[in-house]
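Below is one structure, written out as structure tokens, with a few remarks after it.
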Amino acid sequence: QVQLVESGGGLVQAGESLRLSCAASGRISSIDTMGWYRQAPGKLRELVATISSGGTTNYAGSVKGRFPISRDNGKITSYLQMNSLEPEETAVYYCNAFIRTTTQTRGFTYWGQGTQVTVSS
């Protein structure tokens, strides 16, 4: 079994910051790309940022320069530092990761349960 658990969500005012964490656990052999996505009410889930096992990052245009993504391979955790938050960024934020386990011959994408981020104006 593999689990991804997000933490760090909450209520902030516009212009403030939050740091989200995503910790992986289970019979993990290796983790490739880790990512963050968000889904606002009535909207489709959208990419926020991804980071490869080698540290290559990719960002949605709207967050580039404000939401740096990072990872700690020793702790098998990814982080999303969200700066200068805007009310329209209120959403449930989900992490995912492509993980190979010790008991499977191929990898799968796993998702966390999501953490609510609310930005008030």
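The values are calculated or read from the model by the stated rules, or taken from the named source; none is laboratory data. All values derive from a computational prediction rather than experimental measurement. Every residue, glycine as well, gets a Cβ built from its backbone with ideal geometry; the counts of neighbours run over all protein chains shown. Keep in mind that these areas ignore ligands, DNA and RNA; they rest on the heavy atoms of the full protein, side chains included. Shrake-Rupley method; radii C 1.70, N 1.55, O 1.52, S 1.80 Å.
Taken over segment 61-82, the criterion of being touching a residue at least 60 places away in the same chain (Cβ under 8 Å) and open to solvent by 50 Å² or more (accessible area, probe 1.4 Å) is satisfied by Gln81 alone. Can Thr90 be described as under 17 Å from Arg38 (Cβ atoms), under 12 Å from the mean Cα position of the chain (by Cα), touching a residue at least 12 places away in the same chain (Cβ under 8 Å) and surrounded by 15 or more Cβ atoms within 10 Å (Cβ to Cβ)? Criteria not met by Thr90.
Selection of segment 98-119 for residues being part of a strand (DSSP E or B), open to solvent by less than 30 Å² (accessible area, probe 1.4 Å) and closer than 16 Å to Gly26 by Cα yields Ile99, Thr101. When Cys95, Cys22 are checked against the criterion of being open to solvent by less than 50 Å² (accessible area, probe 1.4 Å) and in contact with a Phe, Trp or Tyr (Cβ under 6 Å, 6 or more places away or on another chain), Cys95 stands alone in meeting it. Evaluation of Asn58 against the conditions (1) in a loop (DSSP other than H, G, I, E, B); (2) surrounded by fewer than 17 Cβ atoms within 10 Å (Cβ to Cβ); (3) at pLDDT 95 or above shows that the sole unmet condition is (1).
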